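Here's a structure for you.
The values are calculated or read from the model by the stated rules, or taken from the named source; none is laboratory data. All figures in this text were calculated on a predicted structure; none of them were measured in a lab. Neighbour counts run over all protein chains shown; Cβ positions are idealised from the backbone, glycine included. Surface accessibility is based on the protein's heavy atoms, side chains included, excluding ligands, DNA and RNA. Shrake-Rupley method; radii C 1.70, N 1.55, O 1.52, S 1.80 Å.
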Amino acid sequence: METKNTKAFGTEASEAPLKEMNIQRRTVTPKDIEIEILYCGVCHSDLHTARNDWGGTVYPAVPGHEIVGRVTNIGKDVTKLKVGDLAAVGCLVDSCCECDSCKHDLEQYCLNGFTGTYNSPDKHLGGVTYGGYSERVVVDEHFVLKVPANLNLPAVAPLLCAGITTWSPLRHWNVGKGSKVAVVGLGGLGHMAIKLAKGLGAEVTLFSRTPSKTQDALDLGADHVVISTDAGQMESVHGSFDLIVDTVPYVHDVNPYVATLNINGTLVLVGYLGPLDPMLNTVPMIMGRKTVAGSVIGGIAETQELLDFCGKHNIVSEIEMINMQDINTAYERMLKSDVKYRFVIDMASLKA
């Protein structure tokens, strides 16, 4: 298969900084769309992959799975988009498209393993896939999304991961008018959860350990803020919520939050991967038919639904734009939660 030399930013080793490098992109096949990347969001997963925090990173690694750009070339069988259209790519660039999950638009749960936008086995070129910290990307049309033209383009990028990660559970648990939703943690995921739950018509509460975040949460659309370290405040919302979206990315005690679920309520973990410590106490779960669940990103149809919803309600992420050359500093700031609420790379800087 023919390839094209493409400028990118990536890393050669877990302890090495990200730097400019060249990668190969395939030329378009009949069902492919080539996209010039205009903006790329920065996700915690990018940092974890670059630094091999989860193990399994193949180097060189080029992160980035919150991609927004413009179509520059299409294969002869493509019908979804045309050259010049705005387009987006999220966390998935391929799946088997044949298993039960894929047939039900749940490509994120592909039973044969989905192909991630970066650091997944590349079916076309061998090696691994390279992400959005690059000039362009070539993706099968099924996995390319349409972008509503009325939205602020850079601020659309985080919808492709932070947005869909919170939208998917809100939709799965049927959040709408009259729903009582709580969000744990106010970061990239948490701020999108508030905006989207509010957009769906829910009454929204933020759980935070940090009183100073109260005004920020209210400005984003939250109706209430509960300080989770305050026993009195926690008791005041006992048995209150239909759904709690827990976005905290590290191990923490979920038992106090389970107590605030109503009968049949669900706490869904979207930020943390790993064993719970302290252990889950099943008594309130059994006595109130409460659920602790997990969820990851969303399928292609659901992600398109999110983008269309955001277009209709003018919902985008709160972002800070950076140049590609500042990514290593951005990673250090992200580790300190020093960003409101998502970094987005202006990829024009890569051409500089």
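When you look at Leu273, is it of a type outside the set (Lys, Arg), modelled with pLDDT under 95 and either out of contact with any Cys (no Cβ under 9 Å at 6 or more places or on another chain) or in the same structural domain as Val183 (by the TED database) (or both), yes or no? Break it down stepwise before answering.
Values: of a type outside the set (Lys, Arg): yes; modelled with pLDDT under 95: yes; either out of contact with any Cys (no Cβ under 9 Å at 6 or more places or on another chain) or in the same structural domain as Val183 (by the TED database) (or both): yes.
In short, yes.
While we're looking at this one, here's another question. Give the number of residues within region 318-328 that are open to solvent by 30 Å² or more (accessible area, probe 1.4 Å) and out of contact with any Leu (no Cβ under 7 Å at 6 or more places or on another chain). Quick ask: steps written out before the conclusion?
Within region 318-328, the first condition is being open to solvent by 30 Å² or more (accessible area, probe 1.4 Å), and the residues that meet it are 318-321, 323, 325-326, 328.
From what is left, the residues that are out of contact with any Leu (no Cβ under 7 Å at 6 or more places or on another chain) are 318-321, 323, 325-326.
Adding up the residues that qualify gives 7.
Somewhere in region 106-122, is a residue touching a Cys at 6+ places or on another chain (Cβ under 7 Å), assigned by the TED database to the domain that holds Cys40, closer than 15 Å to Cys161 by Cβ and among the hydroxyl-bearing types (Ser, Thr, Tyr)?
The initial filter retains those residues of region 106-122 that are touching a Cys at 6+ places or on another chain (Cβ under 7 Å), namely 110-112, 116-117.
Narrowing the set further to residues that are assigned by the TED database to the domain that holds Cys40 leaves 110-112, 116-117.
Filter once more, keeping what is closer than 15 Å to Cys161 by Cβ: 116-117.
Restricting the remaining residues to those that are among the hydroxyl-bearing types (Ser, Thr, Tyr) gives 117.
Looking for residues that are touching a Cys at 6+ places or on another chain (Cβ under 7 Å), assigned by the TED database to the domain that holds Cys40, closer than 15 Å to Cys161 by Cβ and among the hydroxyl-bearing types (Ser, Thr, Tyr), one finds at least one in region 106-122, hence yes.
Hey, another quick one. Write out, first by first residue and then by second, each pair whose Cβ atoms fall under 6 Å of each other, whose residues are 6+ apart or on separate chains, and whose first residue, in region 124-152, is in contact (Cβ under 8 Å) with a residue 40 or more places away in the chain and closer than 18 Å to Glu302 by Cα while the second is of a type in the set (S, T, N, Q) and surrounded by 20 or more Cβ atoms within 10 Å (Cβ to Cβ).
These pairs meet every condition: Leu145/Thr303.
Taking Val156 and the conditions (1) within 27 Å of Ile23 (Cβ to Cβ); (2) open to solvent by 10 Å² or more (accessible area, probe 1.4 Å); (3) part of a helix (DSSP H, G or I), which numbered condition does it fall short on, given that it satisfies the others?
All conditions are met except number (2).
For region 298-316, name all the residues that are under 17 Å from His191 (Cα atoms) and open to solvent by 50 Å² or more (accessible area, probe 1.4 Å). Don't jump to the end; show me each part of the working.
Step one: filter region 298-316 for residues under 17 Å from His191 (Cα atoms), giving 306-307, 309-310, 313-316.
Within region 298-316, His313, Asn314 meet the criteria.
Of everything in region 329-352 that's open to solvent by 30 Å² or more (accessible area, probe 1.4 Å) and not in a helix (DSSP H, G or I), which residue is modelled with the highest pLDDT?
Going residue by residue through region 329-352, those that are open to solvent by 30 Å² or more (accessible area, probe 1.4 Å) are 329, 332-333, 335-338, 340, 346, 348, 351-352.
Checking which are not in a helix (DSSP H, G or I) leaves us with 336-338, 340, 346, 352.
Values: Lys336: 94, Ser337: 92, Asp338: 95, Lys340: 94, Asp346: 98, Ala352: 83.
Selected residue: Asp346.
Sticking with this structure for a sec: Taking the criterion of being within 21 Å of Ile297 (Cβ to Cβ) and charged (D, E, K, R), would at least one residue in region 236-252 satisfy it?
Yes, because at least one residue in region 236-252 is within 21 Å of Ile297 (Cβ to Cβ) and charged (D, E, K, R).
Any chance you could count how many residues in region 29-64 are hydroxyl-bearing (Ser, Thr, Tyr) and touching a helix residue (DSSP H, G or I) at 6+ places or on another chain (Cβ under 7 Å)?
So the first thing to find is which residues in region 29-64 are hydroxyl-bearing (Ser, Thr, Tyr), and the list is 29, 39, 45, 49, 57, 59.
If we keep only those that are touching a helix residue (DSSP H, G or I) at 6+ places or on another chain (Cβ under 7 Å) too, we end up with 39, 57.
Here the count works out to 2.
Sticking with this one: Can you pull out the helices (runs of 4 or more DSSP H) entirely within region 220-297 that have at least 3 residues that are open to solvent by 40 Å² or more (accessible area, probe 1.4 Å)? Explain how you work it out, then say what you get.
Values: elements: 231-236, 255-258, 283-288.
Of the helices (runs of 4 or more DSSP H) lying wholly inside region 220-297, those with at least 3 residues that are open to solvent by 40 Å² or more (accessible area, probe 1.4 Å) span 231-236, 283-288.
Taking only region 7-35 into account, find how many residues are under 24 Å from Gln325 (Cβ atoms) and buried (at least 19 other Cβ atoms within 10 Å of the Cβ).
In the first step, residues of region 7-35 are kept if they are under 24 Å from Gln325 (Cβ atoms); the result is 7-25, 35.
Next, from what is left, pick out any that are buried (at least 19 other Cβ atoms within 10 Å of the Cβ): 8-11, 18, 23, 25, 35.
Of the residues in that region, 8 qualify.
Only residues in region 271-299 that are among the basic types (Lys, Arg) count as the first member; pair them with residues that are surrounded by 12 or more Cβ atoms within 10 Å (Cβ to Cβ), Cβ under 7 angstrom, at least 6 apart or cross-chain, and list the lot.
From residues that are among the basic types (Lys, Arg), the pairs are Lys290/Val258; Lys290/Leu261; Lys290/Gly265; Lys290/Pro284.
Keeping to region 176-194, report how many residues are in a loop (DSSP other than H, G, I, E, B) and crowded, with 24+ Cβ neighbours inside 10 Å.
First, pick out the residues of region 176-194 that are in a loop (DSSP other than H, G, I, E, B): 176-179, 185-187.
With crowded, with 24+ Cβ neighbours inside 10 Å added as a condition, the list becomes 185-186.
Matching residues across region 176-194 total 2.
Any idea which of Thr166, Thr214 is closer than 26 Å to Ser95 by Cα, of a type outside the set (Asp, Glu) and outside any loop (DSSP other than H, G, I, E, B)?
Numbers: Thr214 fails: closer than 26 Å to Ser95 by Cα.
Thr166 is the lone residue from the list that is closer than 26 Å to Ser95 by Cα, of a type outside the set (Asp, Glu) and outside any loop (DSSP other than H, G, I, E, B).
Right, here's the next one. Please state which of the following conditions Leu38 fails to meet, knowing it meets all the rest: (1) within 18 Å of Thr329 (Cα to Cα); (2) surrounded by 17 or more Cβ atoms within 10 Å (Cβ to Cβ).
Result: Leu38 passes all but (1).
A quick yes/no check of all residues on (1) within 27 Å of Arg70 (Cβ to Cβ); (2) in the same structural domain as Lys80 (by the TED database); (3) not hydrophobic (A, V, I, L, M, F, W, C):
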position	(1), (2), (3)
Met279	no, no, no
Gly288	no, no, yes
Gly311	yes, yes, yes
Ile315	yes, yes, no
Ile319	yes, yes, no
Asp346	yes, yes, yes
